[in-house]
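Single-structure report; data block below.
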Amino acid sequence: MKYFCILFVFVLNQMAYGFSPIILRNNKESISRMISDQDVSRMENWLRGLPIPEEELKKKSLSYVYRIFIDFAKNKNHCDLLIPIYIMNEMQASKIILNKKEIIHYYVFLRKENIIDDLLFDLLRKSSNILLAFDQNKNRPVGNRPMNINSRYSKIENLNDFYKPFSTWPDEINVCTIQSYFGHINQLKISNNSSRDKDLKKLNWLAYDQKIINLETYNRLETLRLTNLTSWPITMTRYMDIIKNAKDKMAKIVEETSTDDFNSTYVYRKQNLTRRGKLYAAYNSTQIFLMSQIIEKTAKRMDARRVELSFQYTDDPKGEGEIYIFSPMEQYRISINMLKKDIAELVRSESFKGSPLEYQDLIASAYETGLIRSNEIDHVLKFEEFWNPKTPRWKAYADYAYSLTGTAVYYLPPPWNILGAIGLIMTQIKFAEKEEANSSNNWNTII
């Protein structure tokens, strides 16, 4: 709130461009998995050499970065290499960095101050390193002819066609380098990274030798090859899609900061991929929004004041019948089964087309859209008896209901119903780790 007056001007642009730069602010990750203590130490040394105080730099950075992203959001294509060009040029013009290599220190500063999150920091750092390598290597001499140059895994016959996307280097406005490169290497039809890398090295050398590409283009393609772009979890296009169309879109009050490390938990430690990173890598904004709606529906069912089953014995709607009122425990059971049914239908839908979906992804999506808050996740995680996988199924639900002051949980206003939905899904996470598939787990039934 300290810099509200500065930000207010930029928020007005949301009406014109459908994008509020405030959503860049990190309010989803309680800790950073991308910057190390050494990164921070180097950044602080750099900071001490600046002619302006740290507080003033933060104030100006809010203005600079958000204005840059407003301009960037107007573009039809969100090219990965364009945004660091904008930032580098702005920072050099403002005398914040003296040379482009210092830009990484500036990104660390932005992340430490929560002006950006881990995902954007990672994208900016990797993209900037590519641009720096382009400049550094543009006149590097071509190496020796690769061994066994005519022995390749791919079947590329026409080198002119293969290198046509780079006959003129992409301008990062109408055509993006990264996306063009993905299309370029996909022509090889090789899924193995090592085999593809070997072929590209040979083909790049041949293309330069046959004067199909010049020295600078050759060195840029070699930089991209060595960068291993296929290992990137997301690109700027996916990031912009989600923050523009899903992040905090279901929040009644946008959370200022995150207090729980659920999002920052590693899913794949070797790839440095967190739960939030996996969400962005696996789903687009539409899918995240649909998953979040499942949580919302589950919460409403669990918070329903009355749940009943109606039997009509005759053809006459007003004739003899029976109404069975569900008990609180039965209400939980049917909410679980309907949750499973919703998931199954969503997976089969056109938006997912059979893509797998995990319970953890539902919670991560609801957190991303702002339907649930970090303190609500933290609240549920404190119930140890709820997490104990040795507890019988019926007792787990019973313990959970009474640990929130008995059945009164059904009659409390939001966010208690959201807490109930989170708890129900987290229970399913634990049971899913232990249960074997059987006929009673038919997702097409709700009772």
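The values are calculated or read from the model by the stated rules, or taken from the named source; none is laboratory data. Note that the coordinates shown come from a computational prediction; the quantities given were computed from them, not determined experimentally. Cβ placement follows ideal geometry from the backbone for every residue including glycine, while neighbour counts extend to all protein chains displayed.
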The stretch 227-245 - residue that is assigned to a loop (DSSP other than H, G, I, E, B) and touching a residue at least 60 places away in the same chain (Cβ under 8 Å) and, of those, surrounded by the fewest Cβ atoms within 10 Å (Cβ to Cβ): 232
The stretch 82-117, subset charged (D, E, K, R) and part of a helix (DSSP H, G or I), residue farthest from residue 46 (Cα to Cα): 90
Exactly one condition in (1) more than 30 Å from residue 368 (Cα to Cα); (2) in a loop (DSSP other than H, G, I, E, B); (3) acidic (Asp, Glu) is not met by residue 172; state its number. (1)
Among 316, 241, the single one that is charged (D, E, K, R) and within 26 Å of residue 35 (Cβ to Cβ) is 241
Among (1) touching a residue at least 12 places away in the same chain (Cβ under 8 Å); (2) of a type in the set (Asp, Glu); (3) not assigned by TED's automatic domain parsing to the domain that holds residue 106, there is one condition residue 122 misses while meeting the rest; what is its number? (3)
What about residue 193, is it of a type outside the set (Val, Ile, Thr), over 30 Å from residue 74 (Cβ atoms) and crowded, with 19+ Cβ neighbours inside 10 Å? no
So which of 186, 114 is under 25 Å from the mean Cα position of the chain (by Cα) and touching a residue at least 40 places away in the same chain (Cβ under 8 Å)? 114
Count of the stretch 336-363 residues which are touching a Ser or Thr at 6+ places or on another chain (Cβ under 6 Å) and part of a helix (DSSP H, G or I): 1
Scan the stretch 125-134 and tell me whether some residue there is in contact with a Cys (Cβ under 9 Å, 6 or more places away or on another chain), of a type in the set (Val, Ile, Thr) and either closer than 30 Å to residue 34 by Cβ or surrounded by 18 or more Cβ atoms within 10 Å (Cβ to Cβ) (or both). no
Sole miss for residue 137 among (1) buried (at least 19 other Cβ atoms within 10 Å of the Cβ); (2) touching a residue at least 24 places away in the same chain (Cβ under 8 Å) is condition (1)
When the stretch 265-323 is examined, which residues are found to be without any contact (Cβ under 8 Å) to a residue 12 or more places away in the chain and either touching a Ser or Thr at 6+ places or on another chain (Cβ under 7 Å) or more than 30 Å from residue 117 (Cα to Cα) (or both)? 265, 267, 312, 313, 314, 315, 316, 317, 318, 319, 320, 321
